[in-house]
Amino acid sequence: MVLRVPSLAAPNRPIEVIVATGHSGARANGLFAHVTRAPLPARSAIRVSDDVVCSAPELVAVQMAPSLTLLELLCLLSELLGLYAICPEVEGGMFERSEPLTTPERLRAYLDALGPRPGTGLVRHALALACVRSGSPRETKLALRLSLRPGLGGYGLGLLAMNAPVVVERIYDPAATGIRRPDILVGRPRDAALPSAARFVAVEYNGRHHDHPARIARDVNRSNELRARDIPEYVVRREQYDDLDYMDGLVARIRQNLGLPRIGMTKEAAAERRRLRQQLYEELEHIDGIHWNGRERALARGRQANPSDETTRAEELVPVEAYCLE
């Protein structure tokens, strides 16, 4: 029946299906079967034709989680919880959504209904770190770099919101108000006890579409209106995003805005933190939302580092926390 759907009639990869009987791994007519004998809760599937239903976003996350690294799962969740859909066939490689496919609340409720099955614990852990209402894959990656803890290569800032409404006064008329939606709002991490000089800082990622003259004028208006509200704003383009020294300096200034102290550490510890930041940047560059091969890359890196040890497992090549096992 699935082959009657035109878009699925000639897939470029096996179509994975859930069946109630048979053997997992069975292949036929381009289908790869997964057997589940336990009933699935309501809202587990979406009908795409009279004959075919597909996994709902919440079930997709659980199904994919066991085969993904933490970073891949974060990127997947951030797309499901975001305002974009990765689609290489369209201009720009994505299209925008007005609302996310799911929400953290709906996902948690589904996990509760699903019970303790493979993947549910991984999704629960990653959900606390994922981006919500991100507007693009690049916004997601920038937000993860800013917010993940230093042990995972991040800067450890608190990710407060993405594309959330902020009330501003219009520059041309102080009596008029409007809404701005900064790409990323960061603040103090949850465990910080010091008062902040600013409640939050706005960070914008400006891609190529921001180069249009009309968009430049809109961006200037946004920046001025945020500054008028005493909200610090920083703009990152691809050139800055790719420059680790620049990103280090930018975050140092954001920390100053938030009233956070400088972090003292040995040269060795600082060098290790920097290595992890570079590694996070490089791994995020590999994640395109289409090919999910992060564990293969981890295994290859481990074999390159330990060419004499052919039995090394992927879990032993990266921090255990990267696979949500702690």
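The values are calculated or read from the model by the stated rules, or taken from the named source; none is laboratory data. Note that the structure is predicted; figures quoted are calculated from it, not measured. Cβ: placed from backbone, ideal geometry, glycine included. Neighbour counts: every protein chain shown. The accessibility values were calculated without ligands, DNA or RNA, using every heavy atom of the protein model including side chains. Shrake-Rupley method; radii C 1.70, N 1.55, O 1.52, S 1.80 Å.
A few comments on the model shown:
- Dipole of the stretch 232-300, positive direction: furthest Cα of H291, G264, Y246, with charges on the beta-carbon: G264
- 10 Å beta-carbon shell around Y155, net charge (K/R +1, D/E -1): +4
- Long-range HN-HN contacts of V236 with modeled amide H, under 5 Å: E204, Y205, N206
- Using θ = phi - 60° in the Karplus curve 6.51 cos²θ - 1.76 cosθ + 1.60, the 3J(HN,Hα) couplings for the stretch 278-290 round to 5, 5, 4, 4, 5, 5, 4, 5, 6, 7, 10, x, 10 Hz; x is entered for Gly and Pro.
- Solvent-accessible surface of the stretch 151-225, taken per residue with a 1.4 Å probe and all protein chains present: 55 Å².
- Where only alpha carbons of the stretch 148-288 are counted, the Rg and the Dmax (Å): 16.6, 54
- When the trypsin sites (Lys or Arg not before Pro) in the stretch 143-182 are filtered for DSSP coil states and for at most 13 other beta-carbon atoms within 10 Å of their beta-carbon, no site remains.
- For the stretch 227-273, trypsin sites (Lys or Arg not before Pro) are listed when DSSP marks them as loop and at most 16 other Cβ atoms sit within 10 Å of their Cβ; the list is R229, R237, R262.
- Compared with the alpha-carbon gap, the fully stretched path from V167 to E99 is longer by 22.4 nm at 0.36 nm per residue.
- In loop segments of the stretch 122-231 as defined by DSSP, the chymotrypsin sites (Phe, Trp or Tyr not before Pro) with at most 15 further C-beta atoms inside 10 Å of their C-beta are Y172.
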